[in-house]
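For reference, the structure is listed below as structure tokens.
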Amino acid sequence: MDISNKLIKGLSLLLILIFIIGVFINIFLVSDVQAASQSTKEYKKGSDILDDYPGYSSLLDDLLNEHPNWTFTILYTGLDWDTVIKNETTALHGRNLVQSKSGEWVCSVCGDKPYDNGSWRCASASTVSYYMDPRNSLYEDYIFQFENLEWKNNTYTIDGVEQILDGTYLDVSSIKYTDTSGSTKTINKSYAKVIMEAAEGAGISPYHLASRIVQEQGPTGSATSTGTYTGYTGYYNFLNVNATGSGSSTIINNALAYAKKQGWTDPEKSIKGGAEFLAEGYIAKGQNTLYLQKFDVDSSDGSLYWHQYQQNVSASKTEGTSIMKTYKEIDSNLDMSFNFVIPVFENMPGTKCAMPGSQSIVTQNIQITNSSVIVYKSKSTSSTKLKTLNKNDKILRIEVGSEKENGYIWDKVVLDDGTKGYIISTGFKVIDDVTNCEITAIAVEPGNLRNGPGTSNTTVITTLTVGQRVTIIEKGKYNNIDGYNWSRVMLADGMQGYIVARYLEEVSDTGSTSDGSDIVKVVCNGGLTIRSNPGTSSDILGYADKGDYLTRIEKAVSTANGYTWDKIVTGSGVTGYVARGDKDGNYIEPVNSTGSSAISGSGFKTTGSSLVCEPDITVSNIVSKASDAVIKDANGKTVTSGNIGTGYTIKYNGNTYTVVKMGDTNGDGEVKATDYMRIKNYIMGSTSLISAQKQAADVNSDGNVKATDYMKIKNYIMGNSKIEI
């Protein structure tokens, strides 16, 4: 068949959604590289190489029956499934986002916290599991997210590239551009030819490269590639490499500063340089499929998880559909030869991970405000009545409904004996956590954290890692539920849930446990590097900031490169090795179970009786450094997620701090025009500010509130400057 004549305009949509957010998340997350033993094998129909991975073989055999020219490379990641999901979710909230979703789709810690343009939310572990499970995509509609994007001879045509560029500003026979002197110059090549040459030279798919450029620049072009942006005349960045930051001007400046550094002084240099970056930065590092560029589970470059190109959790699956439709218009039977790289994980669930539901998964207490509320066995008023709750009664709620069933919206609750039931979602209010203790403990077995007590009718939120530090906030209430005693715990990021009590060991006053594990604090001014194995040449897995608490599960594992190395577990539950110290002093110090009363981290610190923070600091930022902290808003209500504002209080290890969020003068947790006006009116004498508000207004920290402060806030709102402590 003549592919060049059949390439159609649908190719203009090929990967048009590629990298929807298009942001480099250059954050090193702790991984389990030391446990991963990666290898590949070619799968043949009826092969037994996937016998230990349920559900794969039958799906691949079905595809081979329909498409015998296709080949499948199985990537044995060597990674434990639960560990992967933990690193993609709780290790860093906001790594994976969903758009216009609610309920079980959204992370219970971040809740309704907006990301990006405001319509995005942090994805829950259930959502990430659904999209990461390859078995949900081993169908013709979605398989192309696993297509190998390396260059394949005799596969691509310039006609195909032209079809992708058809109707865009790149659809020209010769390239006119502005050079660094401001003069107009011409390259006697089409963009299609340049892209074809760039892709072949870099060893990547030209269709992939062309679609990426269209996605990044849009059909009419943008400021980053015109060559006429103020301060960067004659510089081009077609792939938006290093286009990061807050505010459009910052993003553009960062991208063009990178282009200038690389010498990308015309479109051809930018495209070819960008292709090399894509090849060297991703495809040549093992991330040779859309799936692997979204979910960094290939360890061939010595790292995992952190090297993703986008945050949209559904991007690779959605783009797989777009790719399929495009290729199908080239060849309706999809008879061309394609190679797909299919990852498998250890200890995967026996069945495919289900699509999240509309209900929200929570662990929270409510108080009845009506005269009575009936608890039903199921979501129907005709079902068995389990109990009648009276006004002021308190009960545990573990699911929040959002859609009517049998005429009502229903919430799932837990009675004192552990029985689960449903109430109509009205006649009550959310209250502070009902707790009976505050005890530091560590996990001694890898147990599931659930939204309620019991293994039945509850949802697994995450899995705790041996050595992971938690705070027990309730124990002894739910005993012998499904054969276990249950404790309610709070994690370092504020997440709550129930776990089997025997999976935890309480930490003594000295900060240690019976097996010799102890709680340590990072005291090194520059923080610590966490590595996969002892030694400075081992893979970098992540970083611990000064003030972070770690669980040391093994002391003096090794001495290498002049350091003594200890094995630790982070508060997010992942394992690595840190240098204890050198001849000049210690990098970590043992602490008692409560630790220091001071709180500090990136963007916040305690000073006297205040906790001073930058505008983007949230509850999760605080509890990541002080998991035992109790945070209350200006009305005295405990908050466990979302923003914090000026006037909030934080109680930690016996000390109470008043929050001062720099620039937030009205205590709503945000810095916006109303704050700018309050400061301006204060200077003019028409508004008063109380102590914390006045401190928040003094954003340049010179001890006075004056015009320079409100101008700094104005510039911050416009994205022209930062407010830092």
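The values are calculated or read from the model by the stated rules, or taken from the named source; none is laboratory data. The structure displayed is predicted, hence computed values, not measured ones. Neighbour counts run over all protein chains shown; Cβ positions are idealised from the backbone, glycine included.
The set of residues in segment 72-105 that are under 11 Å from the mean Cα position of the chain (by Cα), within 26 Å of GLN468 (Cα to Cα) and not in a helix (DSSP H, G or I) comprises THR89, THR90, ALA91, LEU92, HIS93, GLY94, ARG95, ASN96, LEU97. Of all the listed residues (SER126, SER108), the sole one being in a loop (DSSP other than H, G, I, E, B), in contact (Cβ under 8 Å) with a residue 60 or more places away in the chain and crowded, with 22+ Cβ neighbours inside 10 Å is SER108.
Every listed requirement among (1) among the charged types (D, E, K, R); (2) crowded, with 21+ Cβ neighbours inside 10 Å; (3) at pLDDT 85 or above is met by GLU319 save one, (3).
Listed by first and then second residue, the pairs linking a residue in segment 64-78 that is outside the structural domain of VAL341 (by TED's automatic domain parsing) to a residue that is surrounded by 15 or more Cβ atoms within 10 Å (Cβ to Cβ) and part of a strand (DSSP E or B), with Cβ atoms under 6 Å apart and 6 or more places separating them unless they lie on different chains, form an empty list. The residues of segment 312-335 that are assigned to a helix (DSSP H, G or I) and in contact with a Lys or Arg (Cβ under 8 Å, 6 or more places away or on another chain), listed by number, are ALA315, SER316, GLU329, ILE330.
Answer with yes or no whether THR351 is surrounded by fewer than 16 Cβ atoms within 10 Å (Cβ to Cβ) and in contact (Cβ under 8 Å) with a residue 60 or more places away in the chain. Against the criterion (surrounded by fewer than 16 Cβ atoms within 10 Å (Cβ to Cβ) and in contact (Cβ under 8 Å) with a residue 60 or more places away in the chain), THR351 qualifies. Here are some residues: SER137, SER190, SER173. Which one is over 30 Å from SER337 (Cα atoms) and either of a type outside the set (Phe, Trp, Tyr) or without any contact (Cβ under 8 Å) to a residue 12 or more places away in the chain (or both)? Checking each option against the conditions leaves just SER173.
Annotation note: Cβ proximity below 6 Å between a residue of segment 469-493 that is part of a strand (DSSP E or B) and a residue that is of a type in the set (Lys, Arg) and surrounded by 18 or more Cβ atoms within 10 Å (Cβ to Cβ) (sequence gap 6+ or interchain) occurs for ILE473/ARG488; GLU474/ARG488; SER487/LYS475.
Within 32 Å of the chain's Cα centre (by Cα) and either in a loop (DSSP other than H, G, I, E, B) or at pLDDT 90 or above (or both): is that true of ASN720 in this structure?
yes
Scan segment 558-568 residue by residue and report those that are under 29 Å from the mean Cα position of the chain (by Cα) and modelled with pLDDT under 90. Listed by number, the list is empty, since nothing qualifies. Among residues of segment 574-628 being within 27 Å of the chain's Cα centre (by Cα), of a type in the set (A, V, I, L, M, F, W, C) and in a loop (DSSP other than H, G, I, E, B), the one that is modelled with the lowest pLDDT is VAL574. For ILE461, are the conditions met, namely being farther than 21 Å from GLU554 by Cα, among the aliphatic types (A, V, I, L, M) and modelled with pLDDT of 90 or more? No. Within segment 397-414, the residues that satisfy the criterion of being surrounded by 15 or more Cβ atoms within 10 Å (Cβ to Cβ) and either over 11 Å from SER425 (Cα atoms) or among the aromatic types (Phe, Trp, Tyr) (or both) are ILE398, TYR408, TRP410, VAL414. When only residues in segment 650-688 that are in contact (Cβ under 8 Å) with a residue 40 or more places away in the chain and part of a helix (DSSP H, G or I) count, which is farthest from the chain's Cα centre (by Cα)? Of everything passing the filter in segment 650-688, TYR676 is farthest from the chain's Cα centre (by Cα). A single entry from SER512, SER508, SER487 fulfils the requirement of being in contact with a helix residue (DSSP H, G or I) (Cβ under 8 Å, 6 or more places away or on another chain) and either over 19 Å from PRO446 (Cβ atoms) or of a type in the set (Gly, Ala, Ser) (or both): SER487. Is there a residue being of a type outside the set (Lys, Arg), in contact (Cβ under 8 Å) with a residue 60 or more places away in the chain and buried (at least 20 other Cβ atoms within 10 Å of the Cβ) anywhere in segment 243-258? The answer is yes; a qualifying residue exists. Selection of strands (runs of 3 or more DSSP E) fully inside segment 336-424 by the criterion of at least 1 residues being more than 34 Å from the chain's Cα centre (by Cα) and among the small types (Gly, Ala, Ser) returns 372-376. I'd like the full set of residues that are more than 15 Å from LEU149 (Cα to Cα), out of contact with any Leu (no Cβ under 8 Å at 6 or more places or on another chain) and not in a strand (DSSP E or B), limited to segment 178-203. Residues satisfying the conditions are ASP179, THR180, SER181, GLY182, SER183, ASN188, LYS189, SER190, LYS193, VAL194, GLU197. Counting only residues that are closer than 18 Å to SER572 by Cα and among the hydrophobic types (A, V, I, L, M, F, W, C), segment 608-635 holds 5 of them.
If I filter segment 141-160 for residues that are among the basic types (Lys, Arg), under 27 Å from VAL214 (Cα atoms) and either in contact with a helix residue (DSSP H, G or I) (Cβ under 7 Å, 6 or more places away or on another chain) or part of a loop (DSSP other than H, G, I, E, B) (or both), do I get at least one hit?
The answer is yes, given that some residue of segment 141-160 is among the basic types (Lys, Arg), under 27 Å from VAL214 (Cα atoms) and either in contact with a helix residue (DSSP H, G or I) (Cβ under 7 Å, 6 or more places away or on another chain) or part of a loop (DSSP other than H, G, I, E, B) (or both).
Screening VAL466 on (1) surrounded by 23 or more Cβ atoms within 10 Å (Cβ to Cβ); (2) touching a residue at least 60 places away in the same chain (Cβ under 8 Å); (3) not small (Gly, Ala, Ser) shows it passes everything except condition (1).
The single condition from (1) out of contact with any strand residue (DSSP E or B) (no Cβ under 6 Å at 6 or more places or on another chain); (2) surrounded by fewer than 21 Cβ atoms within 10 Å (Cβ to Cβ) that LYS394 fails is (1).
Candidates ASN448, ASN485, ASN525: the one that is at pLDDT 95 or above and either of a type in the set (Phe, Trp, Tyr) or not assigned by TED's automatic domain parsing to the domain that holds GLY111 (or both) is ASN485.
So that you can scan it fast, the table gives a plain yes or no per residue for (1) closer than 20 Å to MET348 by Cα; (2) β-branched (Val, Ile, Thr); (3) within 32 Å of the chain's Cα centre (by Cα); (4) surrounded by fewer than 15 Cβ atoms within 10 Å (Cβ to Cβ):
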site: ASP48; (1), (2), (3), (4): yes, no, no, yes
site: ASP52; (1), (2), (3), (4): yes, no, yes, yes
site: LEU59; (1), (2), (3), (4): yes, no, yes, no
site: GLU66; (1), (2), (3), (4): no, no, no, yes
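Taking the condition free of Cβ contacts under 8 Å to residues at least 12 places away in the same chain and buried (at least 19 other Cβ atoms within 10 Å of the Cβ), does ILE213 pass? Against the criterion (free of Cβ contacts under 8 Å to residues at least 12 places away in the same chain and buried (at least 19 other Cβ atoms within 10 Å of the Cβ)), ILE213 does not qualify.
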